[in-house]
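Participant: This is the structure I have questions about; it appears just below.
The values are calculated or read from the model by the stated rules, or taken from the named source; none is laboratory data. Everything quoted here is computed from the prediction, not taken from an experiment. In this analysis, Cβ positions are derived from the backbone assuming ideal geometry, glycine residues included, and neighbour counts consider all displayed protein chains. SASA here: full protein model, heavy atoms, side chains in, ligands and nucleic acids out. Shrake-Rupley method; radii C 1.70, N 1.55, O 1.52, S 1.80 Å.
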Amino acid sequence: MENKVLSNNIALEDSSEAQDLFGQHDSYLRLIERSFDVKIVARDCNVEIIGEKNESEQVTRVFEELLGLLRNGHIIKSDDVKYAIRMIKGGKELNLDEIASGAITVFSNKIIRPKTKGQKLYVSAMREYDLVFGIGPAGTGKTYLAMAMAVSALKKGDVGRIILTRPAVEAGERLGFLPGDLLAKVDPYLRPLYDALYDMMPMDKAEMFMERSIIEVAPLAFMRGRTLNNSFVILDEAQNSTCEQMKMFLTRLGFDSKAVVTGDITQIDLPQDKKSGLLEAQTVLSNVEGIKFSYLTSEDVVRHELVQKIIDAYESAKSSGRI
């Protein structure tokens, strides 16, 4: 019978490999077992998978993908396990080792690597093109990976500075209505950029770079009139830039510079009478040579698994006219 019970066996090299593959307290092994209708028996350096043919073969594929990652020098994270399960259960092609080949080295030799196919393509685009638009829902790593590329470029000397910017408030940068000096006004809106930055270099080094203007974090309004040479520039939350702001930003790019524009077109917070500059850029620049639009989807979400379900639920409701 097609669905007869199979017993597949996977041989591991040693107990250390088994520990890395199974996770702390066998957490990865248990996660895989819960996700499929199989029984997994681990004895010494052998894994036995017992279940119906289709389920057993899918679990074997999950382990093979994770082992390929492990044997090529990568540390397995829970995100890798969850992504492998999700893709293989969905009948999608997968090559975790190929995805991990897009690894980015930042300070203290920390390695940041893409976790999904969409993220790998996004990183590849940033390496190849001087202007990249990273568009996708929350949790897909748009800003984090752009920051990693910027920090890596600074570390290697490919650029002399990093400039990070975003619309300072959702509906038009009305900084005057906020209390405090300029820093106090814009800080809450730029905080996510600082958080990503501090995750990629020691805080004292980051602060030293900011004091010397090697790293600059500023609201989008402050880009007007400037020419940004020898820089890696990131415009975050670009869906909340106006058309005028987007054109202004894109025309700031100078010699030996790269720019990454990130945004989520499903979360535009501009007033009804204002069109998103990111939406307009999609139309105007889609066929311009040297510019790459990289799209991420719910499949690329690397936050809590509920985030993907929430995004899919909203997209389903919108497409069916329920919202």
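Participant: I'd like to know if the stretch 207-216 contains one or more residues that are in contact (Cβ under 8 Å) with a residue 12 or more places away in the chain, part of a loop (DSSP other than H, G, I, E, B) and not hydrophobic (A, V, I, L, M, F, W, C).
Facilitator: Checking the stretch 207-216: at least one residue is in contact (Cβ under 8 Å) with a residue 12 or more places away in the chain, part of a loop (DSSP other than H, G, I, E, B) and not hydrophobic (A, V, I, L, M, F, W, C).
Participant: Let me ask something else about it. When the stretch 128-168 is examined, which residues are found to be of a type in the set (G, A, S) and in contact (Cβ under 8 Å) with a residue 24 or more places away in the chain? Break it down into steps so the answer makes sense when it comes.
Facilitator: Looking only at the stretch 128-168, we keep the residues that are of a type in the set (G, A, S), and these are 134, 136, 138-139, 141, 146, 148, 150, 152-153, 157, 160, 168.
Those that are of a type in the set (G, A, S) and in contact (Cβ under 8 Å) with a residue 24 or more places away in the chain: G134, G136, A138, G139, G141, A146, A148, A150, S152, A153, G160, A168.
Participant: If you check I265, I311, which single one turns out to be farther than 17 Å from D236 by Cα, surrounded by 14 or more Cβ atoms within 10 Å (Cβ to Cβ), touching a residue at least 40 places away in the same chain (Cβ under 8 Å) and within 17 Å of the chain's Cα centre (by Cα)?
Facilitator: Sole residue among the options that is farther than 17 Å from D236 by Cα, surrounded by 14 or more Cβ atoms within 10 Å (Cβ to Cβ), touching a residue at least 40 places away in the same chain (Cβ under 8 Å) and within 17 Å of the chain's Cα centre (by Cα): I311.
Participant: Looking only at the stretch 284-323, count how many residues are more than 24 Å from Y144 (Cβ to Cβ), touching a Phe, Trp or Tyr at 6+ places or on another chain (Cβ under 8 Å) and of a type in the set (S, T, N, Q).
Facilitator: So the count comes out to 1.
Participant: Which residues, counting only those in the stretch 212-262, are open to solvent by 10 Å² or more (accessible area, probe 1.4 Å), closer than 21 Å to Y129 by Cβ and among the aliphatic types (A, V, I, L, M)?
Facilitator: M248, L250, L253
Yes or no, residue by residue, for (1) open to solvent by less than 90 Å² (accessible area, probe 1.4 Å); (2) in contact (Cβ under 8 Å) with a residue 60 or more places away in the chain; (3) under 28 Å from the mean Cα position of the chain (by Cα):
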{"site": "S7", "(1), (2), (3)": "yes, no, no"}
{"site": "A11", "(1), (2), (3)": "yes, no, no"}
{"site": "E17", "(1), (2), (3)": "yes, no, yes"}
{"site": "L21", "(1), (2), (3)": "yes, no, yes"}
{"site": "R34", "(1), (2), (3)": "no, no, yes"}
{"site": "R43", "(1), (2), (3)": "no, no, no"}
{"site": "E57", "(1), (2), (3)": "yes, no, no"}
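Participant: State all residues of the stretch 251-267 that are under 24 Å from L121 (Cβ atoms) and among the hydrophobic types (A, V, I, L, M, F, W, C); if no residue qualifies, say none.
Facilitator: Taking the stretch 251-267 and keeping what is under 24 Å from L121 (Cβ atoms), we get 253, 257-267.
Correct list: L253, A259, V260, V261, I265.
Participant: Another one. Specify the residue that is most open to solvent (accessible area, probe 1.4 Å); the eligible residues are those in the stretch 128-145 that are more than 13 Å from E299 (Cα to Cα) and out of contact with any Leu (no Cβ under 9 Å at 6 or more places or on another chain).
Facilitator: Checked the stretch 128-145; the qualifying residue most open to solvent (accessible area, probe 1.4 Å) is E128.
Participant: Could you tell me which residue of the stretch 23-32 is most open to solvent (accessible area, probe 1.4 Å), considering only residues that are of a type outside the set (V, I, T) and under 16 Å from A84 (Cβ atoms)?
Facilitator: R30
Participant: Please name all residue pairs, on different chains or six or more residues apart, with Cβ atoms under 8 Å, provided the first residue is in the stretch 281-298 and is more than 16 Å from T266 (Cα to Cα) and the second residue is open to solvent by 70 Å² or more (accessible area, probe 1.4 Å).
Facilitator: Here the result reads G290/D130; K292/E128, each pair linking the stretch 281-298 to a residue that is open to solvent by 70 Å² or more (accessible area, probe 1.4 Å).
Participant: Can you give me the ranges of the helices (runs of 4 or more DSSP H) entirely in the stretch 230-323 with at least 2 residues that are of a type in the set (S, T, Y)?
Facilitator: Numbers: elements: 243-250, 277-285, 305-319.
Passing ranges, in order: 305-319.
Participant: Taking the stretch 59-69 as the region of interest, how many residues are of a type outside the set (D, E) and open to solvent by 30 Å² or more (accessible area, probe 1.4 Å)? Steps first, answer last, please.
Facilitator: Narrowing the stretch 59-69 to residues of a type outside the set (D, E): 59-63, 66-69.
Restricting the remaining residues to those that are open to solvent by 30 Å² or more (accessible area, probe 1.4 Å) gives 61.
Summing the residues that are of a type outside the set (D, E) and open to solvent by 30 Å² or more (accessible area, probe 1.4 Å) in the stretch 59-69 gives 1.
Participant: Of the conditions (1) under 30 Å from E237 (Cβ atoms); (2) surrounded by fewer than 16 Cβ atoms within 10 Å (Cβ to Cβ); (3) touching a residue at least 40 places away in the same chain (Cβ under 8 Å), A125 fails just one. Which one is it?
Facilitator: A125 satisfies every listed condition except (2).
Participant: Among V132, V106, V151, which is the only one that is among the aliphatic types (A, V, I, L, M) and within 24 Å of L285 (Cβ to Cβ)? Outline the logic, then answer.
Facilitator: Details: V106 fails: within 24 Å of L285 (Cβ to Cβ); V151 fails: within 24 Å of L285 (Cβ to Cβ).
Answer to the check: V132.
Participant: Still on this structure, I have one more. Restrict the check to the stretch 3-16 and report whether at least one residue is part of a helix (DSSP H, G or I) and not aliphatic (A, V, I, L, M).
Facilitator: yes
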